[in-house]
Amino acid sequence: MSKFIKWNSEVLLFVLLLGLIFLSASFNMTFIYGILFTFTSVFLFLMLRLFGLPHAVIAGLLAFVFIPHHYSYVALHALLIVEILFVGNFFRKGRRAKMFFVDAFFWMTIGFIGILFINHTYLTGSSLYFVISKTIVNGLFNVLVADMLLAYVPFYKFFKNNKINRNNVSIHQFLSHITFISILIPFFFSVVANVWNAKDSLVQDHINDVKKSVNLINSEISNWKKEDLQTSKLNDVVQRYQTNDFDTTIIDANNLVYASTSTNISIQSVYDWKTNFDLYKKEKDYIVILPKGDDGHPFRKWSRGYYLYTEEIEPLSMKIMVQIPISQYQSILYNIFLKQLGYSVLFAIFIIMFVQKVSGIFMNNIRQLTLATTHLPQKLVQNEEIEWPQGHVSELRMLSKNLREMAEKLGELFRESNEMNNKLKEQTEQLIESEFRLNHLAFYDVLTGLPNRRHFQDYVNGLIYTQPSKQFAVIFIDINQFKQVNDTIGHMAGDQLLQLVADQLRIFHNERSYIFRLGGDEFVIVFSLEKKEEVHEMLEQMQKEFSSPFTIQGHLLYVTASIGISIYPENGEDIDSLVKSADIAMYHSKEKGGSVAHFFNESMRNKYEDRLLIENSLRLVVDKGDFDLYYQPKFQFGKITSMEALIRWIDPELGFVSPGTFIPIAEEIGLILQIDRWSLIHACKQNKEWQDQGYPKIPVSVNISAKQFQQDSLVSMVKEALEVSGLAPEYIKLEITESVFIKNLDYVANIVKQLKEIGVKISIDDFGKGYSSLYPLLQLPIDEIKIDRQFISDIDQMMKKSRLVQSILSMAKGLQLNVVAEGIETIGEKNTLMQMGCDELQGYLFSPPVNAQEMETLLSEYLSKKYI
């Protein structure tokens, strides 16, 4: 309902204005002596400005139905419609002006001519001037009222969609309204008051004169006989007391005229004023009578009316009737009006000039202030100099001062804001740069600059989504020598190797093939195929590129790669399947020597899945610590002189898993450090327990991965094992491989030195098998070397092996190193080594690795006897 009312508010306003137009057209405000005022144009002007010229003209034409149908009314209303057309057409053409001044121009031109034309046949002289002036003043007053209503009444609330602008009154317009109202309203009240006072004064004076004249006549004829009334003597008496201001008539009870000074009343005729006049108003001493009919022109009707005074001549049954013409009062009052109008016009001109001057001063200050504050923020930002006006009006001076202070404060704020904006701009640029870097880090490898695993996943998923029927190959590349380079030469060399490999692979980058680094030493090429044979061509080119060695830190390195290939959609229709297939093929290639690329086939899957099963189970067993330690004794002259702790893993599902199988996997996935710690602590505890049980106090050897020397925790780990177990340090021997010494010898020497300070013994395992170098033997405080099985096997039958081992033994004896020969399986091998003077012997000939219980048995058996 509220929405309906709001939507129809325009219609309600239109109906209201239309009703006011009809009402004001029906009832005019008529004052004494026929002075007529109309206010229909007020509402027609409102209709014009709010609803447009067509609506205003139609409303004016409809108002013809409600006006009195006399010539003067019709003509004046027609002139009113012409006024509306004139003003409406002026604004309809887009001109801008004040409606009051446009209407004033109309009345000075067309309106003046129209009034003159309507009234010139009825009026002349001051009466005509009065009517013209009164009508113009009435019209100007109406347009002023309409203009003020439009300025101050919120008519825009009746209209939707901002059809009518909100009220926007300028200072000049406001002052103009005040000026004209201050002139017109006082003028109106002054005229009314003067006219009313003058009318009362004049009428009363005349009534007093009439009373005197009537009294004189009455006193003179009151003693007459009835016969005297028929003579001319009565008429002479009446003429004697006659003046130009009124007419005297004597009539009897039958209205028969006996004497009269009026030329319109004949003697001996019957005269009744009610025949031609209507009673308009009854006063105390007289009545106002107006002629019947002639309603078309109130002014003329009043000019033919009279003030009527009557008095009885009782003895004679006669009545004296005095008629005072109203027209004489009209002329006097009109002259008063015209004179005051003239004064008012002069006063208005003076006031308008004065107001214009004051308004000019005021508006000049306002304009200067407006000019100073226009685009003030931009001026403040640009540090422009602002000229603040020094007006003559104290309030404006105060306003200017306040604005100046506010501008200064704003200037400071803008300067601070600019500084802040500059900082924010810098920070934004840094954020954008950081965002770019983060995006680059998110999708590109930092070391090589190649796209990373995430980029690879998005790219492959995009290919599958956009080209689901097109083949492409996923080529996994794993650098075979990377681990050795990392462990021997160092991480920096490893990083350099990865960068050089990435540069070599970039050769294959084009619009059909993209290169990625997944992490570690794994690279991948995604190759969009026209035919499968194109992969072979790429692999051949890749083999040629990798046939040349890489030079890193003075080392000449030949690098090979294990390569596995899966084909979409043959080996998988999603990225996980493709990656898994390529990974399986790559591991298959690695197991076959890593020099030949392999395409995935289903026969590879089981082996890969076995490795995955081992890896997952290994993680669980490391977390739980469910390994076993086996011990293999070392002999010297038939007695057990030491033993080696060897880790064993027996899984409930996998069964026995060889250390040769799970140790490389543990090193690869980063579990070897935890395994070493577990082995060291449990070996120390077991040895201490045996010692406490009275068994011989012999050292136990524990294998330590080369990765332990890349950490800073090896020394602390050994101290922890000794502290937890309570074992003396001389009963623990750490077996390390030769690869430890290849990388950062000074660092390794420092670690070994710290271990020796604790009292721990150091043994080099698999001596001669790896990167054999004699220099570490001189640099490091080594206690023992172990000759690998490769040199021991068939030593009694192979002269070269025998001489080589003899040389190793001689060198070790010269360096005061203990020598252990491992892997002895025959008596011939044992005898030969004993003849050479080898310090300790170890192998299946004496005992395989056994569990702790069996080792206790061996220790018991060899407490007192020799084993030959």
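The values are calculated or read from the model by the stated rules, or taken from the named source; none is laboratory data. This is a predicted model, so every value here is computed, not measured. With ideal geometry, Cβ positions are generated from the backbone for all residues, glycine too; neighbour counts draw on all protein chains shown.
Some values worked out for this structure:
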quantity	calculated
Residue that is farther than 16 Å from Gly305 by Cα and touching a helix residue (DSSP H, G or I) at 6+ places or on another chain (Cβ under 9 Å), where the choices are Asn223, Asn208, Asn215	Asn223
Only one of Lys607, Lys639 that is modelled with pLDDT of 85 or more and over 25 Å from Glu533 (Cβ atoms)	Lys639
Search result, residues across region 739-765 that are out of contact with any strand residue (DSSP E or B) (no Cβ under 6 Å at 6 or more places or on another chain) and either without any contact (Cβ under 8 Å) to a residue 12 or more places away in the chain or not in a helix (DSSP H, G or I) (or both)	Lys743, Asn744, Asp746, Asn750, Glu757, Gly759
Top-ranked residue in region 727-751 [being β-branched (Val, Ile, Thr) and more than 20 Å from Ala852 (Cα to Cα); ranked as surrounded by the most Cβ atoms within 10 Å (Cβ to Cβ)]	Val740
Residues located in region 641-690, provided they are on the phi > 0 side of the Ramachandran plot and not in a strand (DSSP E or B)	Gly670
In region 610-636, residue surrounded by the fewest Cβ atoms within 10 Å (Cβ to Cβ) [restricted to those that are assigned to a loop (DSSP other than H, G, I, E, B) and at pLDDT below 90]	Gly625
Failed item in (1) in contact with a Ser or Thr (Cβ under 6 Å, 6 or more places away or on another chain); (2) surrounded by fewer than 19 Cβ atoms within 10 Å (Cβ to Cβ); (3) more than 16 Å from Gly494 (Cβ to Cβ); (4) not aromatic (Phe, Trp, Tyr), with Glu533 passing the rest	(1)
Listing of strands (runs of 3 or more DSSP E) fully contained in region 215-326 that carry 3 or more residues being at pLDDT 80 or above, on the phi < 0 side of the Ramachandran plot and of a type in the set (A, V, I, L, M)	287-291, 318-325
Hits in region 714-729 - residues which are touching a residue at least 40 places away in the same chain (Cβ under 8 Å) and part of a loop (DSSP other than H, G, I, E, B)	Leu727
Looking only at region 592-649, and only at residues there that are small (Gly, Ala, Ser) and in contact with a Ser or Thr (Cβ under 8 Å, 6 or more places away or on another chain), the one that is farthest from Asp676 (Cα to Cα)	Ala597
Residues within region 494-515 that are of a type in the set (A, V, I, L, M, F, W, C) and either more than 30 Å from Gln711 (Cβ to Cβ) or more than 51 Å from the chain's Cα centre (by Cα) (or both), tallied	4
Qualifying residues in region 787-825 (those that are out of contact with any Gly (no Cβ under 9 Å at 6 or more places or on another chain) and not in a helix (DSSP H, G or I)) - the one surrounded by the fewest Cβ atoms within 10 Å (Cβ to Cβ)	Gln816
Per-region count, region 122-179, residues among the β-branched types (Val, Ile, Thr) and either at pLDDT below 75 or not assigned by TED's automatic domain parsing to the domain that holds Glu10 (or both)	5
Options Gly594, Gly572: the member that is part of a loop (DSSP other than H, G, I, E, B) and in contact (Cβ under 8 Å) with a residue 40 or more places away in the chain	Gly594
Pick from region 540-580, criterion charged (D, E, K, R) and at pLDDT below 85, ranking: surrounded by the most Cβ atoms within 10 Å (Cβ to Cβ)	Glu545
Residues of region 830-858 that turn out to be closer than 14 Å to Phe635 by Cα and either of a type outside the set (S, T, N, Q) or within 60 Å of the chain's Cα centre (by Cα) (or both), as a count	16
Residue match in region 691-699 (condition: surrounded by 21 or more Cβ atoms within 10 Å (Cβ to Cβ) and either out of contact with any helix residue (DSSP H, G or I) (no Cβ under 8 Å at 6 or more places or on another chain) or assigned to a helix (DSSP H, G or I) (or both))	no
Test result for Val724, at pLDDT 80 or above, in the same structural domain as Ser810 (by TED's automatic domain parsing), surrounded by fewer than 18 Cβ atoms within 10 Å (Cβ to Cβ) and not charged (D, E, K, R)	yes
Test result for Tyr271, buried (at least 19 other Cβ atoms within 10 Å of the Cβ), closer than 30 Å to Thr124 by Cβ and over 60 Å from the mean Cα position of the chain (by Cα)	no
Segments classed as strands (runs of 3 or more DSSP E), wholly inside region 433-552, with at least 2 members that are in contact (Cβ under 8 Å) with a residue 40 or more places away in the chain and within 27 Å of Ile584 (Cβ to Cβ)	472-479, 513-519, 522-528
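The rows are residues; the columns are (1) among the aromatic types (Phe, Trp, Tyr); (2) assigned by TED's automatic domain parsing to the domain that holds Leu841.
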residue: Val622; (1), (2): no, no
residue: Asp626; (1), (2): no, no
residue: Leu654; (1), (2): no, no
residue: Val657; (1), (2): no, no
residue: Phe662; (1), (2): yes, no
residue: Ala666; (1), (2): no, no
residue: Trp678; (1), (2): yes, yes
residue: Lys688; (1), (2): no, yes
